[in-house]
1. In degrees from 0 to 90, rounded to the nearest 10, what is the angle of the helix 148-161 Cα long axis to the longest principal axis of the chain?
2. Would you order 259, 73 from fewest to most other beta-carbon atoms within 10 Å of each residue's own beta-carbon?
3. Could you give the length gained by full extension between residue 338 and residue 24, i.e. 0.36 nm per residue of separation minus their alpha carbon distance, to one decimal place?
4. As a footprinting exposure proxy, order 130, 182 by other Cβ within 10 Å, with the fewest listed first.
5. Which of 190, 135, 103 moves the most in a Gaussian network model of the chain with Cα springs under 10 Å?
6. To the nearest 10 degrees, how steep is helix 36-49 against the longest Cα principal axis of the chain, on a 0 to 90 scale?
7. Roughly how many whole Å is it from the C-alpha centroid of the range 1-17 to that of the range 299-340?
8. Any chance you could check the Cα centroid distance between the range 92-136 and the range 177-252 for me, in angstrom?
């Protein structure tokens, strides 16, 4: 059964071109570093992200944790947004894998603030952990994009205190599209960066971690420790190459569809949705309806072969992606109204 899926941009199916490339991929053994397709993907990713080297990994979560493992020692502290993926959706991995302390800051609208970050850097004191890493996101989990000026300000703080910056760029290319810049204009402000190939770019599996050659060598070993040596990864890397070369160039379509969806939702009297607040491919809205009816909406839509995320008491999120059309959006809005 075919579903229309608005839950996330992770639900996309690989394109026919990807499937053909995967079937025809030349492979080796990536643990021996002789898988030619994976090597090609990593070289392409490093060039696009403006870093010395890149590493193909299984997920963005693995990338974030490798970045922390590779730039901290046990007992160090990282500075990160309290609303970040690292804090809220990575199962406490920072404590488990790196033994690092987390200084989590609550930023206004979750947009990082350089002054708050600088104030949180530990002084050299026997009672304090050492601040070892600043972790940022762009785009943010709430669908907003961090302006380049903010990135630059935080970079100046990091240089002043000699603290590296890691960027969780799960939707980095969405951020670049929203800002109207090449992705390197964002990554110039970080030492290491993770970007997902399976969020919006249609690759079935995988992410990229990029940084200095020395950092990537260390991360390759840490990836092995985590069980991430995946052998004939060229089958997956072939899709990743298409994701970077081609699918990054169509993300503006998802953004336009998200704006269209927000506009349609805003026309429903009991739905509050601001089309001007949509910056990437995410739409958030609230409903002037009883909570039990909002909670039941996902189940009712599923009966119509439409999938949305479950209600958790706050705004409802919809995400556009390569598999979503304007016709799907019109159908979603109509069926939502049938739920109330």
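What follows is calculated from the coordinates using simple rules that are stated; it is not laboratory data. Just so we're clear, the structure is a prediction, and the values are computed from it rather than from any experiment. Because the Cβ atoms are built from the backbone with ideal geometry, glycine has one as well, and the counts that use them run over all protein chains shown.
1. The angle comes out near 20 degrees.
2. 73, 259
3. Separation in residues times 0.36 nm, less the Cα-Cα distance, equals 108.4 nm.
4. Fewest-to-most ranking of 130, 182: 182, 130.
5. Maximum among the listed residues: 103.
6. Approximately 90 degrees, to the nearest 10.
7. After rounding, the separation between the Cα centres reads 14 Å.
8. One Cα centre to the other: 25 Å.
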